[in-house]
Each structure stands twice: as structure tokens, then as C-alpha cells.
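Below is one structure, written out as C-alpha cells, with a few remarks after it.
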Amino acid sequence: MSQYILPEPSRRAFLTGACALVGLSVGAVLLADDASAAPGIKRLPDGRVQVTVSKVSALAKPGGVVALGNVKGVPTAIVRTQASKYVALDLRCPHAGVTVGQDGADWLCPAHGSVFALDGALELGPATKGLSRVTSRLSNGVLTIG
Ligand code: FES
């Protein structure tokens, strides 16, 4: 999978730390606010993000994940859960709001150890519910998130 790094220092620092904490091993696309960082991904003037899924190699097959950085202030990732199904996840842990990071086929919260399936379902507490979804819509191969 490809990896793109956004130029915004604060987001880069955050993701570097998150990756170190949870052993992030997946390719990630990190979206720059200027909407020019990653092929197939652009930020709209209203803050939503559009992803042309066929142009993002990380989404080429089920299980693929793309971290978008913040979408309207929410740390967000897209997961391809099935051949033609995607979910956009709010990466803030429902326990106390710490941003989770990918750990293999799960999301792991570095604060207190909650574990979530790749589709956001709760696997292990102390969180009592899964990751929230971010509004997303797929139309003609383009996901619009936010
Ligand atoms: S904030 Fe995630 S487990 Fe506590």
C-alpha cells in the first residue's frame, strides 16, 4: 500500500506518535488541508472530503484503510469492508475521546486499551460501544465524507 504524508506539522506529529504507540502497519493517506497531498483525494471548500476509490491503492481490496486526518474537525478513516462497501469512522475512542490507531486488523486505543474491529465494532473495553461513523455517501465510485 502507498503512503502519503501531509505537510501539516501538527497532524504529522500526531500520526507519528499514534503509529509508534500502536505499531501502525498499514499504508495511510494523510490529507493536507490544501487538498493536494494525495491522488484521488480532495478536500472540498465546505470541509468535506471526496475520495475516488479507484485511484487510492490502499482501498483496492476489502480490509483496506485510508486515514484522512481531520474531516470537519473529526479524525477520520475510511475502511473498505466489502467489495463495494466502505465505512468512514470517527477515530475518537468513545471511552474518553483519545484517537485510536490501526493495529493489524483492529483499531487500538493507546489510552486504556480498548480494541475495535476494523469496521469500528467494539471488541474489548473499557469502551462500551464501537467507533462512531462519519457521514459518507458513495456515488459513481466517489465517496463523499463529512
Ligand atoms: S480513551 Fe480509549 S480506552 Fe479510554
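Restricting Val56, Val79, Val87 to those that are within 20 Å of Leu138 (Cβ to Cβ) and at pLDDT below 95 reduces the list to Val56. Strands (runs of 3 or more DSSP E) fully within the stretch 77-146 that include at least 1 residues being within 16 Å of the ligand (Cβ to nearest atom): 85-90, 101-103, 106-108, 115-117, 122-124.
Yes or no: the stretch 56-67 includes at least one residue that is more than 12 Å from the chain's Cα centre (by Cα), away from the ligand (no atom under 16 Å from the Cβ) and surrounded by 22 or more Cβ atoms within 10 Å (Cβ to Cβ). Yes, the stretch 56-67 has at least one match.
From the list Thr99, Thr128, Thr144, the lone residue that is hydroxyl-bearing (Ser, Thr, Tyr), touching a residue at least 60 places away in the same chain (Cβ under 8 Å) and more than 22 Å from Lys55 (Cα to Cα) is Thr99. Kindly evaluate Gly73 against the criterion of being more than 9 Å from the ligand (Cβ to nearest atom), more than 30 Å from Leu44 (Cα to Cα) and modelled with pLDDT under 95. Here the answer is no, as Gly73 does not meet what is asked.
The values are calculated or read from the model by the stated rules, or taken from the named source; none is laboratory data. As the structure is a prediction and not an experimental result, all values here were calculated from the model. Neighbour counts run over all protein chains shown; Cβ positions are idealised from the backbone, glycine included.
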